[in-house]
């Protein structure tokens, strides 16, 4: 598509960026709420969240990168709206960690906020190094991140 043709459908780059970010965050909020309400163990829910979070990078890498790297360029109103929805996504993930703590599946002293932010940092960082330093398929990377997060990296006794 020619750039001029694109502007026939979209009034500005800012509106296009806002639409990309809105579609992305709607997807994250939607799947995280659905996973949170499922009747699976918390560890399985977290594995699912990681796979779904990274599936966008696998299927639409440019879309994932635009959302991660350019949402700071949104106007104030759009940035605040997207930020509110990002916190909703974070809250859904943190609720899954809390479910695991309550069920005795996770340590009682787990800081669920730090665990949430660690999960998201690990997932979001994949876009920086995937296909540059590793050609491992995204589903395998998702499994590795989940295994490290849930099982730790220390050698088992």
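The values are calculated or read from the model by the stated rules, or taken from the named source; none is laboratory data. Predicted model only: the values in this text are computed from it and were never measured. No Cβ is skipped: glycine too gets one built from the backbone with ideal geometry, and neighbour counts run over all protein chains shown.
On the given criteria, is residue 117 surrounded by fewer than 19 Cβ atoms within 10 Å (Cβ to Cβ), over 13 Å from the mean Cα position of the chain (by Cα) and modelled with pLDDT of 85 or more? Explain how you work it out, then say what you get.
On the way: surrounded by fewer than 19 Cβ atoms within 10 Å (Cβ to Cβ): yes; over 13 Å from the mean Cα position of the chain (by Cα): no; modelled with pLDDT of 85 or more: yes.
So residue 117 does not fit the description; no.
Mind counting the residues in the range 136-156 that are at pLDDT 90 or above and over 19 Å from the mean Cα position of the chain (by Cα)?
We begin by selecting, within the range 136-156, every residue at pLDDT 90 or above; these are 136-151.
Next cut, over 19 Å from the mean Cα position of the chain (by Cα) only: 151.
The qualifying residues number 1.
For residue 66, the criteria (1) farther than 19 Å from residue 31 by Cα; (2) in a helix (DSSP H, G or I); (3) in contact with a strand residue (DSSP E or B) (Cβ under 9 Å, 6 or more places away or on another chain) hold in every case but one, which is (3). For the range 1-51, a tally of residues being modelled with pLDDT of 80 or more and over 24 Å from residue 78 (Cα atoms) returns 18. For residue 147, the stated conditions hold: it is out of contact with any strand residue (DSSP E or B) (no Cβ under 7 Å at 6 or more places or on another chain), loosely packed, with under 14 Cβ neighbours inside 10 Å and in a helix (DSSP H, G or I). Of 72, 40, 45, all but one fail to be surrounded by fewer than 18 Cβ atoms within 10 Å (Cβ to Cβ) and assigned to a helix (DSSP H, G or I); the exception is 72. Within the range 84-99, the set of residues being without any contact (Cβ under 8 Å) to a residue 40 or more places away in the chain and surrounded by 14 or more Cβ atoms within 10 Å (Cβ to Cβ) comprises 90, 91, 94, 98. Only one of the numbered conditions (1) surrounded by 13 or more Cβ atoms within 10 Å (Cβ to Cβ); (2) modelled with pLDDT of 95 or more; (3) part of a helix (DSSP H, G or I) is not met by residue 106, and that is (3). Confirm whether residue 142 is without any contact (Cβ under 8 Å) to a residue 60 or more places away in the chain and part of a helix (DSSP H, G or I). No; evaluated as a whole, the condition is false for this residue.
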